[in-house]
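Take a look at the structure set out below.
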Amino acid sequence: MTLTLGQWIFAGIIIIGVIVAVICLVWAEEFKPAIITLIIGTIIIAIYLGGLSWYNTNTAGGARNYKDYVSNIENGLNRSVDIYAEDGRQIYHYDGKIDIEDNDGYILFEDENNKRHIIYYGALDTVIIEEK
């Protein structure tokens with residue numbers, strides 16, 4: 001299932017809440033409300049997990065969110081970085097697994113060898129970053 005860590009944590013909180021409610025009802029010997037709470041809680045959790053999984057795989061915003069999460073957890077994605085000067089000549093190229101931090105006027109990333117790259121570019125340069 002394609003969920004981010006935050007989404008899993010929230011699902012865990014819901015699951016724990018349902019379990020606590022059911023245990024409290026069983027302890028109070030309220031078996032019928034306990035069964036109803038368990039059924040409704042299971043339905044809510046299934047809808048929540050299914051809905052978030054659908055959102056993360058079938059919407060552009062969800063896919064971007066999930067891709068950012070994967071990049072952060074796995075220390076980057078396989079990408080290529082190319083910078084071209086205004087006259088079209090290539091002035092920088094990098095291939096590898098990187099997680100990019102974009103800032104105004106420069107790109108910051110660390111490569112697979114934990115070496116930091118800070119690439120400054122001009123106002124007329126073109127920066128192309130592609131995922132492989």
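Which residue pairs have Cβ atoms closer than 8 Å, lie 6 or more positions apart in sequence or on different chains, and pair a first residue in segment 78-98 that is touching a residue at least 12 places away in the same chain (Cβ under 8 Å) and acidic (Asp, Glu) with a second residue that is outside any strand (DSSP E or B) and surrounded by fewer than 16 Cβ atoms within 10 Å (Cβ to Cβ)? Close Cβ pairs satisfying both conditions: Glu86/Gly122; Glu86/Leu124; Glu86/Asp125; Asp95/Lys132. Output the residues belonging to segment 93-104 that are within 16 Å of Tyr120 (Cβ to Cβ) and either at pLDDT below 90 or touching a Gly at 6+ places or on another chain (Cβ under 6 Å) (or both). Result: Ile100, Glu101, Asp102, Asn103, Asp104. Output the residue which, of all residues in segment 70-89 that are β-branched (Val, Ile, Thr) and more than 13 Å from Gly122 (Cα to Cα), is surrounded by the fewest Cβ atoms within 10 Å (Cβ to Cβ). Step by step, filter segment 70-89, then rank; the result is Ile73.
Evaluate segment 14-23: report whether one residue or more is exposed (fewer than 14 other Cβ atoms within 10 Å of the Cβ), within 30 Å of Asp125 (Cα to Cα) and either touching a residue at least 24 places away in the same chain (Cβ under 8 Å) or more than 20 Å from the chain's Cα centre (by Cα) (or both). The answer is no; no qualifying residue exists.
The values are calculated or read from the model by the stated rules, or taken from the named source; none is laboratory data. All values reported here derive from a predicted model rather than from experimental measurement. FYI the Cβ positions are ideal-geometry reconstructions off the backbone, even for glycines, and counts take in every protein chain you see.
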